[in-house]
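Contents: one structure, followed by commentary.
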Amino acid sequence: MQKMIYLRLIPTLLLFLSIQFLDPIVAQNYRPSKGIEARVNALLAKMTLDEKIGQLTLYTTDWGSTGPTIREGYKNDIRSGACGNLFNCHTIGFVHDLQKVAVEETRMKIPLLFGYDVIHGYKTIFPIPLGEAASWDLEAIEKSARVAAIEATAAGLNWTFAPMVDIGRDPRWGRVMEGAGEDTWLGCRIAEARVHGFQGKKLGDTDAMLACVKHFAGYGAPIGGREYNTVDMSERYFREYYLPTYEAAVKAGAATVMTSFNDYDGVPASGNKYLIDGILRKEWDFQGFVVTDYTSTNEMVNHGVVVDEKEAGELSLNAGVDMDMQGGIYQRFLKQSLKEGKVSTKQINEAVRRVLRLKFELGLFEDPYKFCNADREKKAMLAPEHRAAARDLARKSIVLLKNEQQVLPLKKGQKIALIGPLADNKSELIGNWNGAGNANDCVSLREGFSPAQGSLVVYAKGCDLEVTDRSGFAAALKAAQNADVVVIAVGEGAMMSGEAGARAELGLPGIQEELVLELCKTGKPVVVILMNGRPLAIPKIAENATAILETWWLGTETGNAITDVLYGVHNPSGKLPMTFPRSVGQVPIFYNYKNTGRPYDSNSKWTSKYIDMPNSPQWPFGFGLSYTSFGYSEPKVALKSGGNLLTITVNVTNTGKLPGEEVAQLYVRDLVGSVTRPVKELKGFQKIMLQPGETRELKFILTEKDLSFYRRDMTFGTEPGEYEIMIGGDSETVKKVKVRL
Ligand code: BGC
């Protein structure tokens, strides 16, 4: 037992040892370093048009592409200077080989950028981003991105296609797993943390990579949640909820931005001048480069806004897109477009400048192989402190949704029946977009159990993820009958969410729910471990299970993290970053809805509601239980300087018997505005650890910006009037106080 506790402390110790990962980084837009401009111009002056266009071209290698590979023979393209950047190309042997072609065999010797989707880890896989967001732990999230960058840059990469900051209010859309959930304010903070993590202290360091904010813009709101679908909404709504996360990432210094597949207000993002040249460059003063998403310029032909690919390229360049990902359009048509006067030399030069600046910034001209150090590659991958950080964040990402009969934490010596299609799995648990993650490095839930507290674990799979074969039920039921507690791991496969992973149903796939309900009928306590990439609608399980843990896909350290929580080594503190609906029919569903003229009233038919279901979700945004409990005092508000700043204080008490962490959330409602305002909006949170019986006074400050919105005339600012300030442990259970400004 002593030894057990000691072993379980190791990750925490390693984490403290590795604290040098993070120094405070000052948030600011990317600005080219001194001296770079002269070097860029000198180089540009010597380049031919073809070489310039090559710098605006990005091709995938034939390794792990996410769409149709349009061109092969990329090595020849590098040699001729026709392709200046590659993606899906990593590990230093491979990278070195190709970089050598670029710097030794081309006329201009310009090094290549190597991009990759390093989304939640490179080799050490962290929880999927939606899971990380559930930790509400910005420091741990930044560290996750830092570790990812340390490993990725040790594998030859210098550019990640992350963070993805698309707001997701519709769980049918598969890519909600890649983002930070439904809330704009939380999304902004997480976007900043991720940019800082990837880009490190400064670009040019050997462990810093270019971040790429994606997918600009509005990609998270496709109609019906259907992937690649049209996006259309008022500019007010767009600016209020969807744009701020991209802006936050840009203002945190992100060096590059990726366009999105969707159209917005009738114009595809990759040809949308209003978005790129207007909002991104002019309004936000973005000075990095813009890359398209995978063949998204070509797709503007299908969108029906251009007659052919040549015209698509012109629309993109004129909108402000610098680099063409995989489409080959700039390479094939830009010269002709220039001849015809459809684009100008000035535009091409400017795009090339933006790309070259960042190549200089990274230090590639000084040492094109700076990310190719074999010793570093060997040491970095799955380093013990990386695994420790992954385990730490995996534990923090788990959300306790239900815990009856105090079944959790499990008690020492209890006989456990471990059941379910994901209980003994590894490949699904590293999730979608798992970088260079290897399933064999992942600790399965079953493996996490083996050393755990001397419990006897009997394993029976029960059924597969997506089948109708019930032949495994009998063994699972028998195991349950012989156990004290049933632990069942169910959910989705990694490819059921992520890109092109939209679902029309939000229940558990296959016969998994049936299996859970059969197990519940045995009368044994049933602990359901959910592993999934989106909010699910599982009302029957919510009603019948004894306990439920939302564990998303937790990555390499899954099994250790879950058993840490099951046995109370770690008291769960995660809070949902997205609302969990009761039914897919409630979708889109989010906490910051508007009141309407006929707000919900269960007793009145003629109000804004469904006749067959309450409006309320299964579990609201911000929700998550602990093995202890917390109480909140009435919040107090004090006005400061000129009425612009508010200080809100509240006392939070650990009213239970165990130490635990609580995420105290602050919401604001503007009661009367020149336009309708949401019933509440998150404007702050604090995550605190409290000992049993301990009370802590928390102080929140609200600035004028926190209370600002797009007013009737679309100016951004505040309005005098009455505000409601709410504080609580989730978006529904709050204490309120009013203030007039
Ligand atoms: C995705 C992007 C990704 C790119 C490169 C696209 O299909 O939408 O998010 O970065 O592929 O892999």
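The values are calculated or read from the model by the stated rules, or taken from the named source; none is laboratory data. Here the structure is a predicted model, which is why all the values come from computation and not from measurement. Neighbour counts run over all protein chains shown; Cβ positions are idealised from the backbone, glycine included. Remember, those area values only see protein heavy atoms, side chains included, never the ligands or the DNA or RNA. Shrake-Rupley method; radii C 1.70, N 1.55, O 1.52, S 1.80 Å.
Brief remarks on what is shown
- Rounded to the nearest 20 debye, the dipole size of the chain about its Cα centre is 1220 debye, using +1 on the Cβ of Lys and Arg and -1 on the Cβ of Asp and Glu.
- The chain: angle of helix 92-105 to the longest principal axis, Cα-based, in degrees nearest 10: 20 degrees
- The solvent-accessible area of H386, taken with every protein chain present and a 1.4 Å probe, is close to 10 Å².
- Taking amide H as placed 1.01 Å from N in the peptide plane, the amide H of W619 sits under 5 Å from that of F580, each at least 5 places away or on another chain.
- Converting phi to 3J(HN,Hα) with the Karplus coefficients 6.51, -1.76 and 1.60 and the offset θ = phi - 60°, region 224-238 yields x, x, 7, 3, 6, 7, 4, 10, 8, 6, 5, 4, 4, 5, 4 Hz in sequence order, with x at every glycine or proline.
- Per-residue HN-Hα couplings for region 519-534 [Karplus 6.51, -1.76, 1.60; θ = phi - 60°; Hz; x = Gly/Pro]: 5, 4, 5, 5, x, 7, x, 10, 9, 9, 9, 8, 10, 7, x, 7
- Percent accessible area from carbon and sulfur atoms, the chain, protein chains only, probe 1.4 Å: 51 percent
- Each label was represented as a point 7 Å from its Cα along the Cα-to-Cβ direction; for E514 and E105 these points are 5.8 nm apart.
- Mean accessible surface per residue for the chain, computed with a 1.4 Å probe while every protein chain stays in place, in Å²: 36 Å²
- Accessible-area ranking of C212, C520, largest first, probe 1.4 Å: C520, C212
- Helices in the chain, meaning DSSP H runs of at least 4 residues, each add -39500 (n - 2.57). Divided by all residues, the mean residue ellipticity at 222 nm is -8000 deg cm²/dmol.
- Largest to smallest principal axis extent of the C-alpha atoms in region 650-740, angstrom: 52, 19, 18
- Listed values for region 260-269 are Karplus-derived 3J(HN,Hα) couplings in whole Hz (6.51 cos²θ - 1.76 cosθ + 1.60, θ = phi - 60°), namely 10, 6, 7, 8, 10, 6, x, 10, x, 4, and x replaces Gly and Pro.
- Rounded to the nearest 10 Å², the accessible area of L707 at probe 1.4 Å: 10 Å²
- Percentage, to the nearest whole number, of Cα pairs in region 77-153 over 18 Å apart: 51 percent
- Taking amide H as placed 1.01 Å from N in the peptide plane, G491 has its amide H under 5 Å from the amide H of M531, each at least 5 places away in sequence or on another chain.
- Crossing angle, helix 138-154 versus the chain [Cα axis fit, 0-90 degrees, rounded to tens]: 50 degrees
- For the pair region 531-565 and region 621-642, the centres of their Cα atoms are 26 angstrom apart.
- Trypsin sites (Lys or Arg not before Pro) within region 74-139: DSSP coil, no more than 15 neighbouring Cβ in 10 Å: R107, K109
- Annotation note: GluC sites (Glu not before Pro) in region 55-159 located in DSSP loop regions with a Cβ neighbour count of at most 15 within 10 Å are E72.
- Positive-end ranking of G81, V95, T61 along the dipole of region 41-142, with charges on Cβ about the Cα centre, is headed by G81.
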